[in-house]
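Participant: First the structure, which I've put down as structure tokens, then a few questions once you've had a look.
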């Protein structure tokens, strides 16, 4: 236990260093100052590990973001409650940055209510509008249904988020595991008609992206991915083999796409992740940085997959780091 606590305590220094080394600061406050201040703003209890929505946050549930009224085409919006006095003020001058959160679950399970809650609660309590979405899941859904839904939700946000106090010009995407794959792919496929059937002309660009332990290469070009994952993706998600359908698999792999026009990005990944090897993130970061983009990368000592789902020493610092990154980028 002492060994794991020591590794968890290292997260603060790792996160602070990666932010300071990669973010250019023009403001009076340094990145380190903002990070340490944000550590004090994290919304969590010291003992209870389960994320509980603070009373100061208002949640608007199950809004349809597509016209078909499918149960999986629903989103929730989290934002700080507005007092009567504030609601009478001009809203346009107080629009808040927006974070779209995409859950994980290997493209086959998961709900918008279950993942990312430490980030959502903290960001919403500190001046952000957070949007969580469900999207179609396999095996009923077949790729690229999943990324199409993420982009459709993004278009809905741009058209409607001002009604909830959000700024459509300051949007970031955050996702975990398979959700990390989807937000990474969305970041590298702005306005790609392949993934925008029926809304090809819609603007699906955004300013920042935070993939957490993301799947970045479905083709396993680095030979580090587990056979079980590749087999599951082939059978349930793509419903085709890599050998038969390589172009579609490569197009869906962020590591293999053109990175020259990508947004600012912050990847968090544990070096003990047994489900999604960190080597993919390391390779992606090197390629992304060589393309001239801003990218922060936290290689978290001792962290496993899904390390931030519950409150812990490490997750508190990770949440503060994500908020610091977004504070500067949005």
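The values are calculated or read from the model by the stated rules, or taken from the named source; none is laboratory data. Predicted, not measured: the structure shown is a model, and the values here were computed from it. Positions of Cβ are backbone-derived with ideal geometry, glycine not excepted, and every protein chain shown enters the neighbour counts.
Participant: Just give me the residues in region 86-109 being over 15 Å from the mean Cα position of the chain (by Cα), modelled with pLDDT of 95 or more and surrounded by fewer than 19 Cβ atoms within 10 Å (Cβ to Cβ), in sequence order.
Facilitator: Answer for region 86-109, where residues must be over 15 Å from the mean Cα position of the chain (by Cα), modelled with pLDDT of 95 or more and surrounded by fewer than 19 Cβ atoms within 10 Å (Cβ to Cβ): 95, 108, 109.
Participant: Return the residues of region 230-250 that are in a helix (DSSP H, G or I) and either on the phi > 0 side of the Ramachandran plot or surrounded by fewer than 18 Cβ atoms within 10 Å (Cβ to Cβ) (or both); say none if nothing qualifies.
Facilitator: The answer is 230, 231, 232, 235, 246, 247, 248, 250.
Participant: Moving on to the next point. Can we say residue 268 is buried (at least 21 other Cβ atoms within 10 Å of the Cβ), part of a strand (DSSP E or B) and at pLDDT 95 or above?
Facilitator: So residue 268 fits the description; yes.
Participant: If you take the residues of region 121-137 that are under 24 Å from residue 200 (Cα atoms) and touching a strand residue (DSSP E or B) at 6+ places or on another chain (Cβ under 7 Å), which of them is surrounded by the most Cβ atoms within 10 Å (Cβ to Cβ)?
Facilitator: 131
Participant: Looking at this structure, is residue 323 more than 29 Å from residue 138 (Cα to Cα), in contact with a helix residue (DSSP H, G or I) (Cβ under 8 Å, 6 or more places away or on another chain) and either part of a loop (DSSP other than H, G, I, E, B) or modelled with pLDDT of 95 or more (or both)?
Facilitator: Working: more than 29 Å from residue 138 (Cα to Cα): yes; in contact with a helix residue (DSSP H, G or I) (Cβ under 8 Å, 6 or more places away or on another chain): yes; either part of a loop (DSSP other than H, G, I, E, B) or modelled with pLDDT of 95 or more (or both): yes.
When the stated conditions are applied, residue 323 passes them.
Participant: Just to check your reading of the model, which residue among 303, 298 is touching a strand residue (DSSP E or B) at 6+ places or on another chain (Cβ under 9 Å), closer than 17 Å to residue 7 by Cβ and assigned to a strand (DSSP E or B)? Let's see the steps before the verdict.
Facilitator: Details: 303 fails: assigned to a strand (DSSP E or B).
Just one listed residue meets the conditions, 298.
Participant: Just name the residue that is nearest to residue 279 (Cα to Cα) out of those in region 215-229 that are surrounded by 20 or more Cβ atoms within 10 Å (Cβ to Cβ) and free of Cβ contacts under 8 Å to residues at least 60 places away in the same chain.
Facilitator: The extreme case among them is 225.
Participant: Which number in (1) at negative phi; (2) touching a helix residue (DSSP H, G or I) at 6+ places or on another chain (Cβ under 8 Å); (3) modelled with pLDDT of 90 or more; (4) buried (at least 17 other Cβ atoms within 10 Å of the Cβ) marks the one condition that residue 9 misses?
Facilitator: Of (1) at negative phi; (2) touching a helix residue (DSSP H, G or I) at 6+ places or on another chain (Cβ under 8 Å); (3) modelled with pLDDT of 90 or more; (4) buried (at least 17 other Cβ atoms within 10 Å of the Cβ), only one is false for residue 9: (4).
Participant: While we're on this one: Going by the conditions given, is residue 140 surrounded by fewer than 21 Cβ atoms within 10 Å (Cβ to Cβ) and at pLDDT below 95?
Facilitator: Values: surrounded by fewer than 21 Cβ atoms within 10 Å (Cβ to Cβ): yes; at pLDDT below 95: no.
Taking the combined requirement at face value, the residue does not satisfy it.
Participant: Kindly establish whether residue 276 is assigned to a helix (DSSP H, G or I) and buried (at least 21 other Cβ atoms within 10 Å of the Cβ).
Facilitator: The answer is no for residue 276.
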